[in-house]
1. Which numbered condition in (1) aliphatic (A, V, I, L, M); (2) in contact (Cβ under 8 Å) with a residue 40 or more places away in the chain; (3) closer than 24 Å to residue B:258 by Cβ is the only one that residue B:294 fails?
2. Just one of (1) more than 23 Å from the chain's Cα centre (by Cα); (2) outside any strand (DSSP E or B) trips up residue B:554, so point out which.
3. Any idea how many residues of region A:271-322 are within 28 Å of residue A:37 (Cβ to Cβ), outside any strand (DSSP E or B) and either at pLDDT 95 or above or out of contact with any Asp or Glu (no Cβ under 6 Å at 6 or more places or on another chain) (or both)?
4. Is it the case, given these coordinates, that residue A:230 is more than 14 Å from chain B (Cβ to nearest Cβ), in contact with an Asp or Glu (Cβ under 6 Å, 6 or more places away or on another chain), charged (D, E, K, R) and surrounded by 15 or more Cβ atoms within 10 Å (Cβ to Cβ)?
5. Restricted to region A:154-195, and to residues that are surrounded by fewer than 21 Cβ atoms within 10 Å (Cβ to Cβ) and modelled with pLDDT under 95, which residue is farthest from the other protein chains (Cβ to nearest Cβ)?
6. Whether any residue in region A:43-60 is away from every other protein chain (no Cβ under 14 Å), under 22 Å from residue A:333 (Cβ atoms) and of a type in the set (Phe, Trp, Tyr) is what I want to check.
7. Quick check on my filter: what residues within region B:214-272 are assigned to a loop (DSSP other than H, G, I, E, B) and either within 30 Å of residue B:196 (Cα to Cα) or away from chain A (no Cβ under 14 Å) (or both)?
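The values are calculated or read from the model by the stated rules, or taken from the named source; none is laboratory data. What you are looking at is a predicted structure, and each value in this text was computed from that prediction instead of being measured. Note that we place each Cβ from the backbone using ideal geometry, even for glycine, and neighbour counts take in every protein chain shown.
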Amino acid sequence: MQFNTIYTRSLAVSALILGLNACKSTSEPEPSQPYDTGVFVINRGNFFDNNGSISLINATTKALSFDIFQIENVNSLAGGVSDYAEVDGKGIILVDNATAGKDAIEIVNARTFKSVAKIPSSDLENPRYVVKAGTNKAYVTCWDAFNTDYSYKPGYVLVIDLTTNKVTKKIAVQKGANKLLVIGNEAIVATTTYSEATTISIIDTQTDAIKQTVEIGYEPQLIGSDANGKVWFYADGKFVKFNLSSKVVESRIAFASASSIKSAGSFTFNKEKTAILFAYSYADAADNYKQKGETYSFGINDSSISTTKPVINKVFSGLSTDPNTGNIYGGFSPSLKQAGYVFRYQANGTLIDSLKAGIGPEGFLFK
Amino acid sequence: MSFVVYSVRYRILFSLLGLVLPVFGYAQEIANKQIDEVKVTGFATEHFMAGLKVQKIDSATLARFQFQTLADFLQFQSPIAFKSYGSGQLTSISFRGTSAMHTAVLWNGLNINSPMAGQTDFSTVPVLGFDEMSIQYGSAASCVGTDAVGGSILLSSVPKWKQKGTNFTIGGQYGSFDNYNGQMGLRFVKVSKSGLQFSGKTLLYGSQFNNHFNATERTDNKGITYPIEPSETAQKGFIQDLYLKKKNGNMLSLNIWLTDNKLAIQPDVIVFREITQSKAYRVLSAYQFGNTNVKAGFVKDILDYGTGDFLTPSHSETDRYIARAEHEFSIKKKDSFQQTSLRIGGEFVHYVAKVDGYGGGSITESRQDIFALLRQQFTQKLTASLNLRQAFSTRYVAPFTPSFGLEYAIISNEKTQIKLTGNIAKSYRLPTLNERYWKVLGNLNIQPESGLNKEIGANWKQVISTNLNASLGVNVYHNLIDNWTYWNPDKGYRVENLQQVLSQGFEIMGSVKYLKDKTLAGVSATYAYTDATQQKVYDVYAVDIIGKQLIYVPLHTLTGTAYIGKGDWSLNIQGLYNSERFITFDHSGRPFPSYFIVNSTVSGKIHFGKIQSNLIFQVNNLTDTVYPSVRKNAMPGRSFSMGLVFSGNVFKQ
């Protein structure tokens, strides 16, 4: 076996740094860094403008910082931002450029937001979501390039080693690979709308190989896991409760009176993970195609979904719950040519305030 | 590239180019009559634009930049802002703060803005495509018709009757990044014994921009890095002009202009490739007899957009059938400066559109215009014009657009000329076919936009000495455009007449010219201040954008040219400064930084017997300035090119 010299060297360097840090931490507390706490807002950007960004909200003082990557690195991100996650002190930003073949992944120090490394365009196309999949290991779903009729090709999951900041493997998965979730040693990869896929992929994070694919229903979108460890999807117009240990769909929960025109999206759990919130919306052809709809919620043990009383009388393109306070954060874009807003609500749907974000706020990371 | 797949699918694209018939009505006095109807020799609408600023570009300047596109050329000749997606990519105009749809581009009097998108991609119009050009500032809808809200670009094909025999030209250009240009053509004049004159021009041109930049990104002096987008552009065109003139001045003409432009993004990677191909076929026939001019035209615009192997692109095709008739009455009082010109006319345009995005089938629409243009010269010093136009459509009521202009010379002597001008004009823009028919997003109830432009100007020309003269001009304007269309995100990007835009500002143009024997030198500069803002609250979030400078419109624009020439050789340096440009309605995010670019050209003539060769050596972006395109990609850095054009008289009559 031959060792890659760069790999060995960087291991040595990281060992040294870790060692130094270890020494430091025993002697004195580390100074706090600007991005140690706060709510990170993932602003998708206006696609053709390549102006995605990450902004920061101080949840208590309401202080805002816009485009923190640009503040810390002079450069701005060269594309839209599809997702951001933290893995062992590193921040991973998925950058989606409007030109095919120009996407990238920026890796920053999660505490300072200073650029650490960049995974080049040659390694990926259409990155979608990122999660931690082990120590110093991240998984990134990618759609790959589109077919000429804009249908989806089979997607893949990038395995990124954060000690070297390199892609170590590409795991082929189903079409339209989108949101993913790691529970124990399993990563569940779901799909996006219009993917026409019906399965999810389950990857063994120890071996980085597909363990199983499971039929869930038409275009299964991942919601997350609930208080009982059950994994939820939205597929074929129904909410699907999935048992990860037995790999069996336990139930499919339908709307009490399903709307023929409305569709569900922007899913999130409440703080206790006992209820699911979602946007239910449509374009009203009778009213000049105005976007209409509300945000509803249902309990994980409900047998059907009632849409008689909304939690919030507004629809958001991104919805998330602060795990510390239980407050609901909704991302709203008046247009993708002006700054969007983050609406904050108490868990019961009472409006707290609205704060400015970047262009197209859709995702949140609470720290 | 990924998300908002539908916006990729519904991406609204464009087509092509243009020109115009210039006119100068001049009077011929006939003795023994107190009042005579005079013959009009040409049909330039500029004649009726009293009080408006019209900048004529001479043919020598056009020849010097013959290998450029109109986008590159106009940026340095005028304070007009352009929005470019990259080298050889979609470049749209913003004239006096208005949108790309608010500049009428006329080719021999025909509006050649794409009927689908209502605009022209100036990167697809080569300077070679026409013989003369005028840039008209401000609203001139009464003279020009729809789209002339911010200004208009008038391109014309002109016969050269003074030429003897047949001239040929053949030439090419090679430059940095493996970019090529080529052209070959003939121009002839024949006079029969009966006095019948026959003239024509045939020109074939093409270019291939490979854009081999040999880099993946460019970094400016502040450390901001912009990616380079791989792209390739191939353009070709064919021009055929024919003119037959009788001794009495009656003339029959035929103008044909065919163009084909193909742009490939990521040309070398099939799975990433994105191709836009636009073709235009334009045919115009005109007959002028006495003071009457009739025209018949046909324009076909084809647009294909696709990815990968480009086997099944999204296809759009629009045909326009145009008929126009005009008659001019021109009378002049003997021994007086009083002269009256009245032109009345009408135009009929029939559209047939087959556009994938409209949901299959073909859509037809007809539009009509009638107009009356009156110019009255009262004295040597005072001239006025009153123009009226009304457009019709079965679908909507177009605004009635009158205009009134005045020109008064305060001083007019051999050395000094000072002229004051003023114009007030209503303008309009008819909805584009995309705005009306695009599946779901289009809106059949969309109304025409309407504007009111007011402007005043002062122009001073001074002969300083026998060899030196100077000019200085100032124009101040206020242009309010209502019913401005907006693809409303709140309605799923359906188009609505939501906004109202106020564009106000001023332009200062100055020049100094020195000419002695064979030496020519000069400097000219233009500064424009453009304040263009959205005025109307249409939803709660519009508050964030009200009163803010429109996106991609620089507040300050400065262009300048300095030249020196002796004999057959000349050096020309052009500069362009644009202040920072906002990229969001509410000015959030980092704006595009201000930038300054300089181009230089050395041109000369060498004679080999009867053959003359024109040598053009060009350095663009001399300072290697880094500045971004609309998509935040890097625009090209310094580039060199060498062009050589041979011309000569082959068959002397």
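1. Every listed condition holds for residue B:294 apart from (2).
2. (1)
3. Count: 8.
4. no
5. Checked region A:154-195; the qualifying residue farthest from the other protein chains (Cβ to nearest Cβ) is A:193.
6. no
7. Scanning region B:214-272 gives B:214, B:246, B:247, B:248, B:249, B:250.
Here is a yes/no grid of residues against (1) of a type in the set (S, T, N, Q); (2) within 14 Å of chain A (Cβ to nearest Cβ); (3) in a strand (DSSP E or B); (4) closer than 30 Å to residue B:418 by Cβ:
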| position | (1), (2), (3), (4) |
| --- | --- |
| B:446 | no, yes, no, no |
| B:452 | no, no, yes, yes |
| B:457 | no, no, yes, yes |
| B:461 | no, no, yes, yes |
| B:470 | no, no, yes, yes |
| B:475 | yes, no, yes, yes |
| B:482 | no, no, yes, no |
| B:487 | no, yes, yes, no |
| B:490 | no, yes, no, no |
